[in-house]
Amino acid sequence: MSLFQEYVQPDTIEEAVENLTNAPGSVAVIAGGTDLLLEIRQGRHQAVDRVVDVSGISEMQEVTLEENFIYLGAGVTHKQIISNPLLQEHAQCVVEGCGLIGGPQVRNVATIGGNVSHALPAGDGTISLLALDTEVCIASPDGVRWQPLIDIYAGPGKVTFDRKQELIVGFRFPAKGPREGSAFHRVMRPQGVAIAILNMAGWVKLDENGDLEDVRLACGPAGPKPFRAAKTEKYLTGKSWDDDVYQKASEILAQEVSLRTSAHRATKEYRHKLLPVLLQKVLDSAVERAKL
Amino acid sequence: MKSLTFWVNDKKQTLDVEAGEMLSDVLRYRLGLTGTKISCGESECGACTVLVEGEPVLSCNYPVFKAGGKHVTTIEGLAQGDVLHPLQEAFIKNGAVQCGFCTPGQIMTAAALLNSKPDPTDEDIEYALNDTLCRCGTYPAIVNAIHAASDMINHDKPIEFPSYEFGGGLDVVGQVVARPEARQKTTGEAIYTDDIFFPEMLFGSTLRAGIPHGRLIKLDSSKAKKLPGVQAVLTAEDIPGRVNHGLITQDWPALVGVGEKVRYVGDAVVIVAADTLEIAQKALTLIDLEYEPLPVVTNPVDAKGDDSSLVHEEGNLLKHIKVNKGDIKLGFEQAEIIFEDTYYTPSYEHAFMEPECSIARPIDDGGFEVYVGSQIPYADRDQVAAALDLPLEKVRVRGPLIGGGFGGKEDIAGQIHAAMLAQVTGKPVKILYDRQESMLVHPKRHATQIRVKLGLKRDGTLTAAQTELYGDTGAYASLGAKVMGRATTHSTGPYIVPNVKIDCYAMYTNNPPSGAFRGFGALQAAFAIECLMDKVAEELELDPVELRRMNALRTGATTNTGQHLTESVGLLECIDQTQVEMLKFTGGEDPFLSREVEGEPNKRRSWGFAVTFKNTGLGEGAPDNATAEIELLKDGSVEIRISSAEIGQGLVTVLQMITAQELGLPLDKVNVYLSDTDLTPDGGPTTGSRQTYISGNAAKYAAVTLKNAMLASLAEKFNLSPVEIEFKDGIIHVNDQKLSFAEVGELMKGEGRNPKLKYEYVSPKTTPLGEKGDKHFAYSFAAQAVEVEVDLVTGEVRVVRAVGATDVGKAINPLGLQGQVEGGLIMGIGHALTEEFIVENGEIFTDSLSRYRMPSIKHVPEDIKVIIVEDPTTEGPYGGKGVGEISTMPVPPAIVNAVYNACGIRLNRVPIDQDWLALELEKTTR
C-alpha cells in the first residue's frame, strides 16, 4: 500500500509552508516519519496525498545557545539530542526522556518536533520540554510566532495550530542557571505498546540554602493533554525538599492530575500509585543535579 | 515517478521511484538486495536495519527519497569480497545465528555500534540492540559475538568457537561446529520465500472475515474483477477440490462461501491476484460482503455450556481426553493433606520473524510448484493437491529457508490460495502476509484453564492427582486434540503419582485457531502443576527442590499413563545439578528467602524453581517415521535428502554431523538437502521435538547403509573382510591403499550398484491413550531455577539470573544446543513477563508487534547457566532425544514461584501483570 502520492523535500521553512498551503489534497509534515507513517500503515491515520519532509531544512536542525536561552530545532533527532553537549548541560530531562525512546534506528530519524506535534499526552520528549518552560516556534503563511508549548495542545493527537498550513520549527527554553537541575523518569508496562504508563519531568531551582526556589513539573498521561502540575509547583515553591513536603506534594499532585484506566495498559489506581514514586525519583535527581 | 540518485554499498544508483516507496522496497525489489528483511513493517523489530551514512535506520519505514545523495550500506556490503566482516564471522562461530531472519538487522545494528564504540560494554550492546528483536532468542550469543568481533578488530584476537562442558566424545558428533547455512545467513545471501521472484509473477491478497462469527449472506466481487490489473478474483465456488483443510480434522475452509459461516475474524472469503500487491489490495476494498452475525463463543468454558452457540454444527467439543490410573478415590483417602487451585494461561503468538509467504508456480506438466517455508512440506503437498483436485505428484512443495516456526508454520496459510490463483491465471503467484495478517491468521498457543488437585502424605509423597483442563482450540481443530492431549498427560508433572484422574476438554470457540506451539500443551500443564507444587512445599514446610526430588520420575518408575520408564530419566540429575549451581549463586544460603537489594530499598530478590518433562516425537500411537535418501556424488561428496524443516533449530547441522560421523567424512563433504517433496523423502512434521531423533536416525541409518554398500563393493574387489577397511577423514583405507569416496562411487557404479539409497526409520511403537503400552518412546527432562527482582512499589519484575539443566540424552550439536536452550529460556521469560495474545469477544487486540511484545535483549538475565545432562536413550541417535520445546516450559512457573518467594504474592496466571501485583502488594503492606 502506498502511504502517500507525493513526497516533497523543501529546503526552507517558507517553502515548507508553501508546500502545505498549496497542497491539492490532504497533506502532512514528517521529519523522521516514525509516527505518522506507522499510523497510516496500521490504519490508525488516513493515507495522505502529500508528505512534506522537513528534515532537509537547516534552520530546523540547529541547537544553539543564545544569550540566555537554548534554541532547539524541531528537526533535531533524538540521537542528536542525547549526544549534544549543550543539551546534556542545559536540558538534562530532555536528554533523559529522548534517550529512552526506541532503539538507535528510531532515535536516528525520530525528531523532537515529531514527538511534540504528535500531541500524545505522555510523549516523553513533550513532557520533558514542558518541565523546561519551553516555548515553541510555529511557522505559518503569516510568518513565525512564539508561544508557550503547553498552549498548542488541544487533546490527544490534536493541536491548536493549523496542521494544514503551519508547522513547528523549533523550541526555546531558558539556559540552565546556577543551582538548577532537571530530570525525567517513566514506568513502562512490559506487555503492549511502548508508551509510558506514566512519565514525569521536573525542573528545580534551589536557593542559597538549598530550598526549592522554583519548581516545574510535567507528567502524562494525566489528562487529554500533556500536563503541567501548577498546583504542586506552587506548593513546592519555597519549600525544603524533605519527606513531609514530599508527602504533601504527592497529595496535591494526586488531586490535580486526572488519571484514568486505559484498557490493557494501566488502571487508574496503579497510575495513582506510580505518581508519588515518579515524583520522588524525578525531584530527587533534579535536586541532586541542582546541587552540583 | 521521480529520479533518485544514491549510493548503495558504494555503488551509485540512479532510479525512477514512486513517491510512496520505502528504502527497503527499493533495496529488495528493485536492486535485488534481499538480505534486508521485512518482518514487522512497523518499526518494532529492527530486521530491516541498514546504515545510512553509517547510522542505522529502519529501511521499511524510511521513505526512499530521504536516502537521496546518501550512502547506504546493506548486509551485502559488509564483507570485503570473500572475506567476512569480523561481526559475520563472530556471529557464525558464537552461534548467534539460528533461523537467520533477524541476523542481517542484528549485524548491521552491531556494525553501527562498533563504528561509534569500538570496544562496547555489555550495557552499550544492550542499549544499541534494544529494539532489534530475535525470536530465536540468540541475544546471549549476539553479545558474545559482538565482543569477539570487537576483540578481533581492536586487538587482532582470532575469533574462536566457544567451548562447553557437554558434548564431545566422537569425531564429529558432540563437537562444536558452525551451522552450514550460517555464512549465507550472515551475508544476506540466504534465500527465504519472499526473496524469490519469477517473471510475470502476480501478487495475491486475501479478504478476511473481519467478524468472529456470522453467516455470509452476500458476496459481490464484480467491481473488483473490473479493476485494471486484477487477474483473478476467486471465492469458495472456485475451489476445484476439497474445500476444507486441516492436519488431522479437515474442518477449516480454504474460503468461506455464501451461505456458509465464518468462524473467526481471520477466515478467508475472497482471494485476488493482480499485477501488483497494491492493485490486489485495492481490489479487496471493492468487494461487498454481508453477514448475518451469530453469537460469539469467546472461551472454552462457556463453549462447553449447554446454552452455548455452536461453532461447528457437530458441537463445540473437539475432544474429551481422559487419563485414569489407580483409584483416584482411594488416592485422596490415603492423602493426609489435599491442595487444589486453578491456573490460567493465555494465548500466545509465535511471532516468528519471517511472516508467512507462499509462491505457487505452474509447471509444464500441468502441476504446480509451491515455495513455502513450512514445517510439514508433505502435508502441504497433500492439502494443496486435495484442494486443487490434483494427483499428489502434480504438486511439488519446495522449502526455502524458514525464518522461525515454533509450531506456527505447520498449518496451511497461503499455500492453497496461491496455488488456486496460479491455476486460474497460469502465472506464478506470491502471497506474502504482512505482520498483521500473520498475527490474524495462523494458529496460536491454546489458552487454558487448568484445575489441579493434589493429595499428599505429610512427608510430601504424592498419593493422588486430579486435573481438569479446558483448552481453547479456537475456530478450527488444527492440532488442538493432540496439543490438549499433551497438556493432559503432562498435567500431573514429571512425578510418580499412584492414582490419577484427568479430564481435558479441547473446545471450539470463535477465537483464532490454536495449534502447535513450542511446548505443545505441556507448557500450559507445567505452569499449573509447578505453581501448585511450590504452594504445597510451603504448606508442608518442605524445601521446594526436595519435594520435587522425592516425587520425581526416575528409572523404574511408572508415568501417569502407566508407562514403565526403563532408562534415560535424567530428572534427578537435572534437579541436583540445578540446585548445586543455584546454591553457588547464593553462597549456600537458602535461595528461596526474600532478600533485600543493596541501595534499592523497594526491591526484593529471590529464586524460584520448577521441573518439567516433554515427550520426544509424536507418540500416543501415531506412526512416527522418516525416510532419508543418501547419495554418494561424483565429486566424492555425499548428499543427504529429507523433507524435514530447518526452522532455526539446527537440523541441517545435526543431519550433516551425523552423516559425516557415520561415513568418516569431513563436514564440508556432506550436503544436506531438505524440504522438496519431489526430491526428498518424507521426514514427517517438524514438531514434537522429534527431528533429531527421527530424521537423525533416518540419516544415521542411511549413512550406515551407504557405508555398508561401499564396504561390500570394496570387500569384494579387494577380497577383504569389511572390518579391515577403515573410513577416516574422508579417505578409505584399504590395506595400504587410500581410496577417495569418488573412486569408490565409480567402483560401485561400475558394478551396477547405484550409490544412492533410502532408509526409512520407524520409531519404537507407541499406543493411544487408554490402550496398554508406552505412550512415548522417549522423554526429555529439565529443571529450571531463576532469580527475580520485584519492585514492591511499582510491581515491576525482572529476571536477574537463570540456571537450568536439561537432559537431552546426548549433546549432538553443542553450539546449536546451547543456543536453543538459551533461546527457549528467553521465550519462557517472554511468556511470563511480556507476552499475551489478547482477543476480546473474538476480535484481536494484539494485532501488531507493537502490541505483542516479545522479549528483547534487555530481558536477558545477567547470568545464564546452561547445564546439559546426557542420560542416553538406547534407540536415539548416539543416545540423543528431543530438546526443541522443553527449555521454555519450566520458565514461567519458575518465575512466578520466584516472585512469590520475593514478595509473598502468588499468581495463578501469566503474564505477570505488574499493575495487579503492585496493587496486591499495597494491600499486604497496609
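Number of residues in the range B:80-114 that are within 11 Å of chain A (Cβ to nearest Cβ) and more than 22 Å from the chain's Cα centre (by Cα) equals 5. Here B:Thr193 meets each of (1) out of contact with any strand residue (DSSP E or B) (no Cβ under 6 Å at 6 or more places or on another chain); (2) buried (at least 24 other Cβ atoms within 10 Å of the Cβ) with one exception, condition (1). Residues of the range B:290-343 that are farther than 14 Å from B:Asn511 by Cβ, touching a Ser or Thr at 6+ places or on another chain (Cβ under 9 Å) and part of a strand (DSSP E or B): B:Lys319, B:Ile321, B:Lys322, B:Val323, B:Lys325, B:Tyr343. Looking across the range B:115-162, the residues that are within 14 Å of another protein chain (Cβ to nearest Cβ), buried (at least 24 other Cβ atoms within 10 Å of the Cβ) and of a type in the set (Ser, Thr, Tyr) come down to B:Thr132, B:Tyr139. Considering only the range B:233-247, I want to know if a residue exists there that is touching a residue at least 60 places away in the same chain (Cβ under 8 Å), buried (at least 18 other Cβ atoms within 10 Å of the Cβ) and either among the polar types (S, T, N, Q) or not assigned by TED's automatic domain parsing to the domain that holds B:Gln281 (or both). No: zero hits.
Assess whether A:Asn209 counts as being within 14 Å of chain B (Cβ to nearest Cβ) and either surrounded by fewer than 21 Cβ atoms within 10 Å (Cβ to Cβ) or modelled with pLDDT of 95 or more (or both). Write out each step before concluding.
On the way: within 14 Å of chain B (Cβ to nearest Cβ): no; either surrounded by fewer than 21 Cβ atoms within 10 Å (Cβ to Cβ) or modelled with pLDDT of 95 or more (or both): yes.
For A:Asn209, the condition - within 14 Å of chain B (Cβ to nearest Cβ) and either surrounded by fewer than 21 Cβ atoms within 10 Å (Cβ to Cβ) or modelled with pLDDT of 95 or more (or both) - is not met.
Within the range B:562-576, restricting attention to residues that are in contact (Cβ under 8 Å) with a residue 60 or more places away in the chain and under 13 Å from B:Tyr495 (Cβ atoms), the residue that is surrounded by the fewest Cβ atoms within 10 Å (Cβ to Cβ) is B:Leu565. Does B:Glu76 qualify as being part of a helix (DSSP H, G or I) and closer than 18 Å to B:Leu23 by Cα? It is true that B:Glu76 is part of a helix (DSSP H, G or I) and closer than 18 Å to B:Leu23 by Cα. Against the list (1) closer than 20 Å to B:His446 by Cβ; (2) surrounded by fewer than 21 Cβ atoms within 10 Å (Cβ to Cβ); (3) within 14 Å of chain A (Cβ to nearest Cβ), the condition B:Asn908 fails is (3). Return yes when A:His185 is closer than 30 Å to B:His859 by Cβ, within 13 Å of another protein chain (Cβ to nearest Cβ) and at pLDDT 95 or above and no when it is not. Yes; evaluated as a whole, the condition is true for this residue. Across the range B:200-231, the number of residues qualifying as of a type in the set (Gly, Ala, Ser) and either over 22 Å from B:Ala422 (Cα atoms) or assigned to a strand (DSSP E or B) (or both) comes to 5. Taking the range A:1-35 on its own, how many of its residues are more than 7 Å from chain B (Cβ to nearest Cβ) and of a type in the set (S, T, N, Q)? Total satisfying the criteria: 5. Scanning the range B:863-881 for residues being assigned to a loop (DSSP other than H, G, I, E, B), of a type in the set (D, E, K, R) and under 24 Å from the mean Cα position of the chain (by Cα) gives a total of 2. Filter the range B:836-846 down to the residues that are closer than 17 Å to B:Asp434 by Cα and within 8 Å of another protein chain (Cβ to nearest Cβ), then identify the one that is surrounded by the fewest Cβ atoms within 10 Å (Cβ to Cβ). Restricting to residues being closer than 17 Å to B:Asp434 by Cα and within 8 Å of another protein chain (Cβ to nearest Cβ), the top hit is B:Phe845. Number of residues in the range B:685-699 that are over 16 Å from B:His776 (Cα atoms) and of a type in the set (A, V, I, L, M): the value is 2. A count restricted to the range A:36-46 and to residues that are surrounded by fewer than 19 Cβ atoms within 10 Å (Cβ to Cβ) and facing chain B (nearest Cβ under 9 Å) stands at 2. Is it true that A:Glu256 is within 21 Å of A:Gln92 (Cα to Cα) and among the acidic types (Asp, Glu)? Criteria not met by A:Glu256. Taken over the range B:3-13, the criterion of being more than 19 Å from B:Glu76 (Cβ to Cβ) and either small (Gly, Ala, Ser) or exposed (fewer than 15 other Cβ atoms within 10 Å of the Cβ) (or both) is satisfied by B:Ser3, B:Thr5.
Hand me the list of strands (runs of 3 or more DSSP E) wholly inside the range B:614-703 holding 3 or more residues that are touching a residue at least 40 places away in the same chain (Cβ under 8 Å) and not aliphatic (A, V, I, L, M). Here the list reads B:625-632.
Can we say B:Asp682 is surrounded by fewer than 24 Cβ atoms within 10 Å (Cβ to Cβ), in contact with a helix residue (DSSP H, G or I) (Cβ under 6 Å, 6 or more places away or on another chain) and in the same structural domain as B:Ile642 (by TED's automatic domain parsing)? Yes. For the range B:712-813, the strands (runs of 3 or more DSSP E) that sit wholly inside it and include 1 or more residues that are surrounded by 15 or more Cβ atoms within 10 Å (Cβ to Cβ), in the same structural domain as B:Glu596 (by TED's automatic domain parsing) and basic (Lys, Arg) are B:797-807. Beta carbons closer than 8 Å, at least 6 apart along the sequence or on distinct chains, pair a first residue in the range B:466-495 that is in a strand (DSSP E or B) with a second that is acidic (Asp, Glu) for B:Thr467/B:Asp503; B:Glu468/B:Asp503; B:Leu469/B:Asp503.
Looking only at the range B:631-647, decide whether some residue is among the basic types (Lys, Arg) and surrounded by fewer than 24 Cβ atoms within 10 Å (Cβ to Cβ). Looking through the range B:631-647, at least one residue is among the basic types (Lys, Arg) and surrounded by fewer than 24 Cβ atoms within 10 Å (Cβ to Cβ).
The values are calculated or read from the model by the stated rules, or taken from the named source; none is laboratory data. Model, not experiment: these values are computed from the prediction. Heads up, the Cβs are rebuilt from the backbone with ideal geometry, glycines too, and the neighbour counts pull from every protein chain shown.
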